[in-house]
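A.B. asks: My structure is below; once you've seen it, I'll send some questions.
The values are calculated or read from the model by the stated rules, or taken from the named source; none is laboratory data. Values in this document were obtained by computation on a predicted structure and should not be read as measured data. Ideal geometry is used to build each Cβ from the backbone, glycine not excepted, and the neighbour counts take in all protein chains shown. Keep in mind that these areas ignore ligands, DNA and RNA; they rest on the heavy atoms of the full protein, side chains included. Shrake-Rupley method; radii C 1.70, N 1.55, O 1.52, S 1.80 Å.
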Amino acid sequence: MINIEVNNRQVKSNPGEMILTVLKREGIKVPTLCHLSDLFPTGACRLCVVEVEGVPGLVPSCAFPVRDGMKIKTHSPRAIRARKTIIELLLANHPDDCLYCVRNGNCDLQTLSEELGVRERRYSGKKNEYKVDTSSPSIVRDPAKCILCGKCVRMCEEVQGVSAIDFINRGSKTIIGTVFNEGLNISSCINCGQCIAVCPTGALREKSNIKEVMDALNDPTKFVVIQHAPSVSVTLGEEFGLKMGQDVMGIMTAAMRRLGFKRVFDTSFSADLTIMEEASELVYRIQNGGKLPMMTSCSPGWIKFVEEFYPEFIENLSTCKSPQQMMGAIIKSFYAEKQGIDPKTIYSVAVMPCTAKKFEAERPELSQGGIPDIDAVLTTRELARMIKMRGLDIRNMEPEGADSPFGERSSAGKLFGVSGGVMEAAVRTAYFLITGKEMEDVKVQELRGLEGIKEVHLNIGDLKLGIIATSGLGNARKVIEQIKAGRKDIHFIEVMTCPGGCIAGGGQPYGINMDAVKSRMKALYEIDRDSKNRTSHNNRFIKKLYEEYLEKPLSEKSHHLLHTHYKKRDVLK
Amino acid sequence: MSTVVETILSNHPQAKRDSLIPILQEVQEMEGFISREAIASIGKHLNLPTSKIYGVATFYNQFRFQNVGKYHVMVCRGTACHVKGSAKVLEAVKRELKIEPGTTSRDGLFSLEIVACMGACGLAPVISINGEFHAGVEPDKIKGILNAYRRKESENVK
Ligand code: SF4
Ligand code: SF4
Ligand code: SF4
Ligand code: FES
């Protein structure tokens, strides 16, 4: 411990820490635009500058380590003036578009301009002209609003290990772009949306599907239904100022009905179905010498990643469709048949914490006879926008019960929202399939938490099952490289594209707020803890679905509806 | 993979990212430009993402990503030419050819490059087309100069 002085107050800090880390801990807010916690600082934006006694210039607090006895002034007139000038200079080459911007009211640049009291245009420069890149089904890039903070580039490269984008050109011509500055759709981008999550401005956003969904809702010939992913109900409340991690399942269902959706399905139910198929597939592979380790297939960013970077592992991927797509498939087959609805008139919407799900829904193989399993995907943010647009005050709305057209989910399905959750759910069922008995304690502590790579060996009968749950594709890369290098003790690997899993997905509220992510995680664990049924195979509605329609896991019907295949993709990577 | 690039890469065994620029220079020297295939091969060889290679290459003016045209126009933007108004000359060339520096017209006839100094300061402002120098060019003469090459081309075709 060393002592430093901040704004005339004595403060303790650890040697080697950056000034910014100490300030944060002490509750002193210094603005940042390029800082990403846990990654190496770049010092690109200079917004975090502070005065340090004895050092001539202002120093960037994010990249300047503390020293014993250091005296810091965080909000001296000089520091504040410098910050304001930086913002003014950024605005000189920025469109005055706030009223039309997706980040209006939720933009770091806008907030800082307000906080620093920018009231007039002191610098007016020549503005560059740019084309908006709308080529991707998931991500829209608007370089005019980019302030070149570089966060998206670092996220894509250092955290996700994709490197689809980088700085190109030089000086005032610098932009963020793909190789040959081509559309994102033909790049190696895997649509995860983590770049959106860190972007401080409206330069990156999801491809919105609100209009299509609204049009469908206003079309009397359409039977519009909606499903919601496990992590959405524990996140949506934040968009309305509710407590982080509050489960708003009941009010969300009510709001969806008010928006005009005819049926509200819970994707956690089809997650149970995924577990039945996936655990059976795992057991089959183990007992019949199939390709191992098996790898989960519910995260579409990860799937595209394998197709591009590790095509030799395509056979390791489970053939199971993701819960979104399984739900989509049974809505337009079993449910439509049972209700006597022509599947062509069903418009099936999915609310997801994810931008890659938009890409997944467009995959041609995920359709039956030319009818897509899913018609439109909305992110959590888009659902919130729709609710606000309709003037629904969810804070004062009565919760309503789910109409669960298929019956209820188990809490195993709900765990899909957090890294390790798919694995935990799968283990519960695989254990039963192999031994015929239930696990004594269904909670697998080693698979819980936000760590990037979690590993455990479980004894199931005579089998020592080696499993890994990893999130963030940079981590997935490490795991896959271990397998490539010959590691043999692992049977099953869960991969979630976004660090921490869907609770931190690229379609969740802007910014990566770790407190919020942890609260969402805790909420999912609590739902599981308090649930009566915590295993997919004991879900009686799932059993009924098999009895009435699918026969049994891996049956021909299941294969036809619930499974798929992937193939190598050639992109410049 | 083009064999030229393969050969160049084989001359850089176990190269790391600091060899990127020399490799790019050699590839451009031999092939005239940096192709998609070249970027893909270099990326594999150096274990670098292609976006990074493109990013580095576009940082420098010297690299081009399209083959040069049949007539390669170089506009000097050195100090002497600048003083004599080469900025306007460049604008005129861009307008006339409808291309940006570093690119090639769609018909493959013309390509454009900015150079720092051609060592012909006495002729400022100067442009060179396939090595032929045009001295003391004025913006409104550009059209005529380029048309001469266009005429030559259409006569060749006949
Ligand atoms: S990015 Fe922010 S500052 Fe720029 S137009 Fe949008 S809201 Fe306004
Ligand atoms: S969506 Fe993901 S892969 Fe695509 S550019 Fe953004 S961070 Fe990279
Ligand atoms: S797109 Fe956003 S995150 Fe990326 S550099 Fe620009 S402002 Fe920063
Ligand atoms: S946050 Fe420190 S320089 Fe940008």
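A.B. asks: If we restrict to alpha carbons, what Rg and Dmax does segment A:128-207 come to, in Å?
C.D. replies: Final numbers for Rg and Dmax: 11.2, 31 Å.
A.B. asks: While we're here: Among A:Phe269, B:Val126, A:Val30, whose Cα projects farthest towards the positive end of the dipole of the protein assembly as shown, with charges put on the beta-carbon of Lys, Arg (+1) and Asp, Glu (-1)?
C.D. replies: B:Val126
A.B. asks: Would you list, by chain and number, the aspartates and glutamates whose Cα falls below 17 Å from the Cα of A:Lys71, excluding same-chain residues fewer than 8 positions away?
C.D. replies: In chain and number order, the partners are A:Glu5, A:Glu17, A:Glu26, A:Glu51, A:Glu53.
A.B. asks: A follow-up question, please. Rounded to the nearest 5, what % of the DSSP beta bridges within segment A:221-562 are antiparallel ones? All intermediate terms of the calculation are to be shown ahead of the outcome.
C.D. replies: On the way: 10 of 32 bridges.
Around 30 percent of the beta bridges assigned by DSSP in segment A:221-562 are antiparallel ones.
A.B. asks: Further, regarding this structure: Just to make sure I understand: if all protein chains stay in place, what is the order of A:Phe40, A:Phe492, B:Phe133 by accessible area at 1.4 Å, largest first?
C.D. replies: On the way: A:Phe40 165, A:Phe492 0, B:Phe133 100 Å².
Sorted by accessible area, descending: A:Phe40, B:Phe133, A:Phe492.
A.B. asks: Shielding of A:153-165 by partners, i.e. mean partner chain Cβ atoms within 10 Å per residue? The partial results should precede the final answer.
C.D. replies: Numbers: counts 3, 0, 0, 2, 3, 0, 0, 0, 1, 2, 7, 3, 4.
Mean number of neighbouring Cβ atoms from other chains: 2.
A.B. asks: In terms of solvent-accessible area of protein heavy atoms at a 1.4 angstrom probe, what is the ranking of A:Val132, B:Val83, B:Val56, A:Val224, highest value first? Kindly include the intermediate steps, with their values, before the conclusion.
C.D. replies: Numbers: A:Val132 70, B:Val83 115, B:Val56 45, A:Val224 5 Å².
Descending accessible area places them as B:Val83, A:Val132, B:Val56, A:Val224.
A.B. asks: Starting from 0 in steps of 5 Å, tell me what percent of the Cα-Cα pairs of chain B lands in each bin.
C.D. replies: Calculated over all Cα pairs of chain B, the distribution is 2, 9, 17, 18, 15, 13, 11, 9, 5, 2, 0 percent.
A.B. asks: For segment A:545-573, state which residues have at least 30 Å² less accessible area in the presence of all protein chains than in their chain by itself, taking the probe as 1.4 Å and leaving out ligands, DNA and RNA.
C.D. replies: Going by heavy-atom accessible area, the residues of segment A:545-573 that drop by at least 30 Å² are A:Leu572, A:Lys573.
A.B. asks: So, one more: Take the Cβ-Cβ distance between B:Asn67 and B:Lys88 as r, set R0 to 25 Å, and report the resulting FRET efficiency rounded to the nearest 0.05.
C.D. replies: Numbers: r = 28 Å, r/R0 = 1.13.
Efficiency for this residue pair is about 0.35.
A.B. asks: Once amide H atoms are placed 1.01 Å from N in the peptide plane, what residues at a sequence separation of 5 or more from B:Leu109, or on another chain, have their amide H within under 5 Å of its amide H?
C.D. replies: Those lying under 5 Å, H to H, from B:Leu109 are B:Lys70.
A.B. asks: When Lys and Arg each count +1 and Asp and Glu each count -1, what net charge do the other residues less than 14 Å away from B:Ser19, Cβ to Cβ, add up to?
C.D. replies: Working: positive: B:Lys16, B:Arg17, B:Lys44, B:Lys52; negative: B:Asp18, B:Glu26.
Neighbour charge sum, excluding B:Ser19 itself: +2.
A.B. asks: Same structure again: Only helical DSSP H runs with n ≥ 4 go in: add -39500 (n - 2.57) per run for chain A, normalise by residue count and round the 222 nm mean residue ellipticity to 500 deg cm²/dmol.
C.D. replies: Values: 19 runs with 178 residues, N = 573.
That calculation yields -9000 deg cm²/dmol at 222 nm.
A.B. asks: Moving on. What whole-number distance in Å separates the alpha-carbon centres of segment A:486-514 and segment A:352-426?
C.D. replies: Taking the Cα centre of each part, segment A:486-514 and segment A:352-426 sit 17 Å apart.
A.B. asks: Rounded, prolate or oblate: which one fits segment A:2-87, using the alpha carbon gyration tensor with axes a ≥ b ≥ c (rounded when a/c is under 1.5, else prolate when a/b beats b/c, else oblate)? Intermediate results must be reported in sequence, preceding the final value.
C.D. replies: Values: a/c = 1.70, a/b = 1.19, b/c = 1.43.
The shape class here is oblate.
A.B. asks: Which pairs break 28 Å Cα to Cα here: A:Lys207/A:Lys478; A:Lys304/A:Lys454; A:Lys131/B:Lys52; A:Lys127/A:Lys573? All intermediate terms of the calculation are to be shown ahead of the outcome.
C.D. replies: Numbers: A:Lys207/A:Lys478 30 Å; A:Lys304/A:Lys454 22 Å; A:Lys131/B:Lys52 21 Å; A:Lys127/A:Lys573 31 Å.
From A:Lys207/A:Lys478; A:Lys304/A:Lys454; A:Lys131/B:Lys52; A:Lys127/A:Lys573, over 28 Å: A:Lys207/A:Lys478; A:Lys127/A:Lys573.
A.B. asks: Now a separate question. How high is the relative contact order of segment B:1-120, in percent, with contacts defined as C-alpha pairs under 8 Å that are six or more residues apart?
C.D. replies: Numbers: 151 pairs, mean separation 27.8, N = 120.
Reported as a whole number, the value is 23 percent.
A.B. asks: Then there is this: Considering chain B, which cysteines have no disulfide-compatible partner, defined as another cysteine with its Cβ under 4.7 Å away?
C.D. replies: B:Cys117, B:Cys121, each lacking another Cys Cβ under 4.7 Å.
A.B. asks: Same structure, new question: Can you give the accessible area per residue of segment A:128-207, in Å², using a 1.4 Å probe?
C.D. replies: With all protein chains present, segment A:128-207 gives 32 Å² per residue.
A.B. asks: Right, another one. In whole Å and largest first, what semi-axes does the C-alpha gyration tensor of chain A yield when each eigenvalue is scaled by 5 and square-rooted?
C.D. replies: Working: eigenvalues 354, 152, 105 Å².
Semi-axes (√(5λ), whole Å): 42, 28, 23.
A.B. asks: In 10 Å bins starting at zero, report the fraction of Cα pairs in segment A:425-573 per bin as a rounded %.
C.D. replies: 9, 28, 36, 24, 3
A.B. asks: Can you put A:Asp403, A:Asp441, A:Asp272 in order of accessible area, largest first, using a 1.4 Å probe?
C.D. replies: Numbers: A:Asp403 55, A:Asp441 95, A:Asp272 0 Å².
Final ranking, largest accessible area leading: A:Asp441, A:Asp403, A:Asp272.
A.B. asks: Here's something else I'd like to know. Going down the table (A:Lys357/A:Lys414; A:Lys291/A:Lys567; A:Lys222/A:Lys332; A:Lys151/A:Lys567; A:Lys262/A:Lys358; A:Lys443/A:Lys518), which pairs top 20 Å between alpha carbons? Could the numbers behind the result be given before it?
C.D. replies: On the way: A:Lys357/A:Lys414 18 Å; A:Lys291/A:Lys567 16 Å; A:Lys222/A:Lys332 13 Å; A:Lys151/A:Lys567 31 Å; A:Lys262/A:Lys358 22 Å; A:Lys443/A:Lys518 18 Å.
Pairs exceeding 20 Å: A:Lys151/A:Lys567; A:Lys262/A:Lys358.
A.B. asks: Angle, helix B:142-157 long axis vs. longest principal axis of chain B, Cα atoms, 0 to 90°, nearest 10?
C.D. replies: That helix lies at roughly 70 degrees to the long axis.
A.B. asks: Using a Förster radius of 25 Å, what is the FRET efficiency between A:Asp219 and A:Gln339 based on their Cβ-Cβ separation? Nearest 0.05, please.
C.D. replies: Details: r = 19 Å, r/R0 = 0.74.
Efficiency computed from Cβ-Cβ geometry: 0.85.
A.B. asks: Next question. How much accessible area does A:Lys552 have with a 1.4 Å probe, in Å² rounded to the nearest 10?
C.D. replies: A:Lys552 exposes around 130 Å² with every protein chain in place.
A.B. asks: Starting from 0 in steps of 10 Å, tell me what percent of the Cα-Cα pairs of segment A:474-535 lands in each bin.
C.D. replies: Values per bin, smallest distances first: 18, 32, 31, 18, 0.
A.B. asks: Still on this model: Please figure out what share of the DSSP beta bridges in segment B:71-157 is antiparallel and state it in percent, rounded to the nearest 5.
C.D. replies: Values: 7 of 13 bridges.
Antiparallel bridges: around 55 percent, rounded to the nearest 5.
A.B. asks: Here's something else I'd like to know. Nearest 5 is fine: what % of DSSP beta bridges in chain A come out antiparallel, could you say?
C.D. replies: Bridges in chain A are about 55 percent antiparallel.
A.B. asks: Over segment A:1-113, with the other protein chains present, what is the accessible area per residue in square angstrom, probe 1.4 angstrom? Write down the numbers at each step before the final one.
C.D. replies: Values: 5870 Å² over 113 residues.
About 52 Å² of surface per residue is accessible.
A.B. asks: Aspartates and glutamates within cross-link reach of A:Lys388: Cα-Cα under 16 Å, excluding same-chain residues under 8 positions apart?
C.D. replies: Output for A:Lys388: A:Glu238, A:Glu239.
A.B. asks: Under the definition of Cα pairs under 8 Å and six or more residues apart, what whole-number percent is the relative contact order of chain A? Could the numbers behind the result be given before it?
C.D. replies: On the way: 1113 pairs, mean separation 91.3, N = 573.
Once divided by the residue count of chain A, the mean separation gives 16 percent.
A.B. asks: While we're on this one: Could you identify which residue out of B:His72, B:His82, B:His12 has the top mean-square fluctuation in a GNM of chain B using Cα springs shorter than 10 Å?
C.D. replies: Of the options given, B:His12 has the highest mean-square fluctuation.
A.B. asks: Could you tell me how many degrees, from 0 to 90 and to the nearest 10, lie between the Cα long axis of helix B:36-46 and the main elongation axis, the longest principal axis, of the Cα atoms of chain B?
C.D. replies: The two axes meet at around 40 degrees.
A.B. asks: Right, next: Between segment A:146-183 and segment A:237-282, what is the separation of their alpha carbon centroids in Å?
C.D. replies: Centre-to-centre distance over Cα atoms comes out at 34 Å.
A.B. asks: What whole number of Å gives the distance from the Cα centroid of segment B:127-151 to the Cα centroid of segment A:539-573?
C.D. replies: 67
A.B. asks: Measure nothing fancy, just the Cα-based angle from helix B:86-97's long axis to the longest principal axis of chain B, in degrees from 0 to 90, nearest 10.
C.D. replies: 80
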